[in-house]
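Colleague: Pasting a structure here, questions to come.
The values are calculated or read from the model by the stated rules, or taken from the named source; none is laboratory data. Remember, predicted model here, so these are calculated numbers, not experimental data. Virtual Cβ from ideal backbone geometry, glycine too; neighbours counted across all protein chains shown. Quick note on the areas: whole protein, heavy atoms, side chains included, nothing else; ligands and nucleic acids left out. Shrake-Rupley method; radii C 1.70, N 1.55, O 1.52, S 1.80 Å.
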Amino acid sequence: MFAKPFRVKSNTAIKGSDRRKLKADLSAAFPLLSADELSELVPNKEELNVLKSYAHKGDAVTVYVLHKNPVFFEVDKKLFPTVYVLWRYPALLPAFKTWPPVLQKLTGGADLMLPGVVVPSCGLPDVKQGDSCAVTLVNNRAPVAVGTAAVSTEQMHCLGMKGRGVCILHTYMDYLWAFGDKSGPPSLPDAESEAHGENGEECEISDKEEEEVDKCVEEQHSPEETVTDQAQSCFEELSLVEQDEEKGEKNNEKEEETQDEQKTPQEVMDAMLLQCFLHALKSKVKKSELPLLTSTFLRNHMFSCCPSGKQLDIKKSSYKKLSKFLQTMEQRYNIVRVKELTKGVESIVEVDWKNPELRSFSFPEDTDVESTPLPDGEEGEILYHPPEITTLYSVSARLEPLFLNANKRKGATLHPAEVRSIVTEYVKDNELVDENNKNYVTINPTLCDCLLEKSEYQEVVSLKWDDLFSRTLGRMQECYQAVFPGQPPIVKKGHIEPIDITVASRGSNKKWCDWRPMLRLFSQIDDTIKRVVSTLRTRVLENALFLMILRLVRRLVCLLPCANLKS
C-alpha cells in the first residue's frame, strides 16, 4: 500500500474526544496492550497528529503520528500498527517468519507467499482469514512488515504451503516508514536462534534449507528474474541493522528508473519541484537573507535551479500552490519554517541546514534558467515573472570604520539584515552592551564619530538598539537592486519613489447632454416669428398664405419638448 508515495490531504492535531476514542479502539483491537503501554502510545498531553492521506491506488488511509513517527494507520475502519510500534512491542501481532532476501520483494509491493514462510518448531501462529499479522526475518524477532492473513492457518496446511499467505500493507523502508525518523529495526534474537548459537558459533544452514530459500525467492520473483548470490550474504549478516545499505540503494535506483517511465506529468513536476526546492536551499539561500518572502524565494532562487530544457510550473503539480508545497515540506521533512509575518504575506523564517534530507541532496549536473524552451510541437504562453526590487544600503566614508572588521569598504552594498548583524557583532566584540540594562549600548569613540552629531558628543553616552540601527541606516547611502529572471542583478544608487496608482469609478453610467444653447436658439426663433406675424396682420390679404406658414412653424417650435430638457 505504501510502496509508492502517498498524497497527504490534511495534517491536524487530534482532539480530546478523538484521543479517548482512539485509545478505546486500540484497547479493543490489541488486548495485549496494558494501560501503561496505551498511555505511552496515546499520551494525554503530548502532541498527536492525525494525517489523512490517499495511497497511490486511491485508498483512503488515516495515519496517527506521535513524535514525528507514524504509530498506527487505519484502513477500512481497521487499525494496524506500524513497524515503529512493533519494534517496541514485537509480540503485539502474530508473526510469520521468512528469509531476508524476501524482504526486498515485500518492500517493492509483493505479498508474502507461503513457500517463503519458515515453519518454526512450535508451528505456525493460529490466525484466521483477514486477521492482522506481522512478518519477521530468520534470527530476528523485530517485525519488518504488517499485513492481513490471506487464508487461515488450517487452510495453509491444506494447501500444502502454496499460494498467497499474507497480504502486505506496510513494510520497513517503504514510504510510510520514510515519513518517520527512518530508524532501523533493532536486533531481537528469537528463542530458536539463541538455542542454536549458545556457544557463540554462527548458525549453519543445510543444503535443503538453501534449496528452500531458492524456491521461495523464485516465487517472489517474476519469471524473467533469477536468484543472485545475495541470499548467502544475507545469511552471514543475521541482523537487519548490519545489512549492506549500498545494495539497497542500487536496487532503489533501478526501481526508480523503471518507475520514472510510468510517472504521470504531475508526479514528474512534483519531483522537479522538490529538486529545485532542495537545490535552492543548499546553494542559493543565505542565513543573512532570512526572513525571506516565499514569492522572492520562488522567483529568485527556485526558478534559477530549474534544469535546462524544462520549465517549473507549480500549477501543473499536485500542490497547485506554493504555500501548500511549503506547508508539506515543513510538516513532512521539517526543513523550513514558514510564518505569516504580515497579513496575507508568508515568509521563510527558519531553515534547518542540518536536516538529513538537505545534507544528503546532491546537485544535479545540468541547471539553467535562461533558456526554457517548450517541448517540440507544443505551443503555449511563456510565464512572465516580474523583476524583484530590493532596497540596499551602501557604506559611506563616515561609517567605514564601523564596518572594517567585516571587511566592508566604502561603496559596499548590504542588505538591512546584514547591516544589523555586522553592527551587533561589533557591539558584542567590543563588549559595549550596558551591564545594567542590556537594551542600551555604550557609545565608544568609533560609534561617536560615526553616528552622533557634534552637539551630542558630550550629552549622549548610550543608545538603544533600535536607535543604533536606525542611525546606522540613516547615515548610509540608499540604493536598490533590480533582479530580472535569468539575468544578473543590477545595482543603482538612489531611492526609488513609490508608484501611486489611483482607480476611480463614476457614480453613474447615465449620459448627459447640455441642451441650453439649443433652447436659447429656439427662443430667438419664436420671438422673430412673433414680430413677423404682428407686422403681416396690417398687410393685404395676399400675404395670408405666408402668415399661415409662419404660424405653423411657430407651433412646431412650441411643440418641442423644451420643458423636459435639462436647463
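Colleague: Taking a probe of 1.4 Å, how large is the accessible area per residue of the range 434-497, in Å²?
Modeller: That works out to 66 Å² for each residue.
Colleague: Ranked highest first by average number of other Cβ atoms within 10 Å, how do 347-360, 175-188 line up?
Modeller: Highest-to-lowest ranking by the protection proxy: 175-188, 347-360.
Colleague: Something else now. Students often get this wrong, so check it: of K282/K493; K182/K321; K4/K182; K4/K324; K57/K182, which have C-alpha atoms separated by over 19 Å?
Modeller: Distance filter (> 19 Å) returns K282/K493; K182/K321; K4/K324; K57/K182.
Colleague: Applying a 10 Å radius around every beta-carbon, put 9-18, 495-504, 465-474, 126-135 in order of their mean neighbour count, most first. The partial results should precede the final answer.
Modeller: Values: 9-18: 11.6, 495-504: 6.1, 465-474: 15.6, 126-135: 17.5.
Sorting 9-18, 495-504, 465-474, 126-135 by mean packing, highest first, produces 126-135, 465-474, 9-18, 495-504.
Colleague: Hey, with R₀ at 45 Å, roughly what FRET efficiency would R398 and L341 work out to, going by the Cβ-Cβ distance, to 0.05?
Modeller: My answer for the efficiency is 0.90.
Colleague: Under the rule a/c < 1.5 gives rounded, and otherwise a/b versus b/c splits prolate from oblate, where does the range 26-106 land using the Cα gyration tensor? Intermediate values should be presented prior to the final figure.
Modeller: On the way: a/c = 1.81, a/b = 1.17, b/c = 1.55.
In terms of gyration-tensor shape, oblate.
Colleague: Rg over Rh of the range 17-154, using C-alpha atoms and the Kirkwood radius, what does it come to?
Modeller: Values: Rg = 15.6 Å, Rh = 16.1 Å.
Answer for the range 17-154: 0.97.
Colleague: Ok, one more. Name the shape class, rounded, prolate or oblate, that the alpha-carbon gyration tensor gives for the range 282-343, where a ≥ b ≥ c are the square roots of its eigenvalues, rounded holds for a/c under 1.5, and otherwise prolate holds if a/b is larger than b/c and oblate otherwise.
Modeller: Judged from the Cα gyration tensor, the range 282-343 comes out oblate (a/c at least 1.5, b/c at or above a/b).
Colleague: For the ranges 118-124, 476-482, what's the packing order if you count other beta-carbon atoms within 10 Å of each residue, average per peptide, and put the highest first?
Modeller: In descending order of packing, they fall as 476-482, 118-124.
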